[in-house]
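In what follows, a structure is listed as structure tokens, so that the remarks can point back to it.
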Amino acid sequence: MLTVKRFEFCYGHFLPDYQGKCKNQHGHNAVLEVTVRISNQEGLENDLDGGMIIDFSELKNKVLLIIEKVDHQNLNIILPFHYLPPTVENFICWFRDEIGMILPSYVYLVGLRLSETPDCWAEWVEEK
């Protein structure tokens, strides 16, 4: 069983050493989809608290703490992106690491989808 929560936020960036349009400063209206499951290791898969993996409001509050760090910001001047190109692939790995640290121990992050535009995105899926 999986639970998915969707978030929308804005950010700007440019891609240094890139030869296309994205070498120039530009912005995105991003959509982040966060997918979680209950931990099998905790033995709770069939014993969901109130029938939920995690309350949507709890997941929202936790993820918004991470999004606030980048919402309406220029990624090129925010750690770690002034060391890494702020590509959607690097950005989704940053989200994976940040969100993974704040979830309760019984909830596992299993997938992320970060859309820069309605038809361009990157996905990260937990490796088994």
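The values are calculated or read from the model by the stated rules, or taken from the named source; none is laboratory data. Only a predicted model underlies this, so the values are computations on that prediction, with no experimental measurement involved. A quick note on method: Cβ atoms are made from the backbone with ideal geometry, for glycine too, and the neighbour counts reach across all protein chains shown. For accessibility, only protein heavy atoms count, side chains too; no ligands or nucleic acids. Shrake-Rupley method; radii C 1.70, N 1.55, O 1.52, S 1.80 Å.
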Legend entry - Entirely in the range 1-117, the strands (runs of 3 or more DSSP E) that have 1 or more residues that are closer than 26 Å to GLU127 by Cβ and more than 17 Å from the chain's Cα centre (by Cα): 26-38
Inset, instruction - Give the residue that is nearest to LEU2 (Cα to Cα), with candidates limited to residues of the range 101-116 that are at pLDDT 95 or above and open to solvent by 40 Å² or more (accessible area, probe 1.4 Å). - result: ARG113
Inset, instruction - Please name all residue pairs, on different chains or six or more residues apart, with Cβ atoms under 8 Å, provided the first residue is in the range 6-19 and is over 30 Å from LEU109 (Cα atoms) and of a type outside the set (Ser, Thr, Tyr) and the second residue is modelled with pLDDT of 95 or more and part of a strand (DSSP E or B). - result: none
Legend entry - Failed item, numbered, when ASP55 is tested on (1) closer than 22 Å to LEU15 by Cα; (2) at pLDDT below 95: (1)
Legend entry - Any hit, the range 68-87, residues being among the aliphatic types (A, V, I, L, M), at pLDDT 95 or above, open to solvent by less than 20 Å² (accessible area, probe 1.4 Å) and closer than 15 Å to GLU33 by Cβ: no
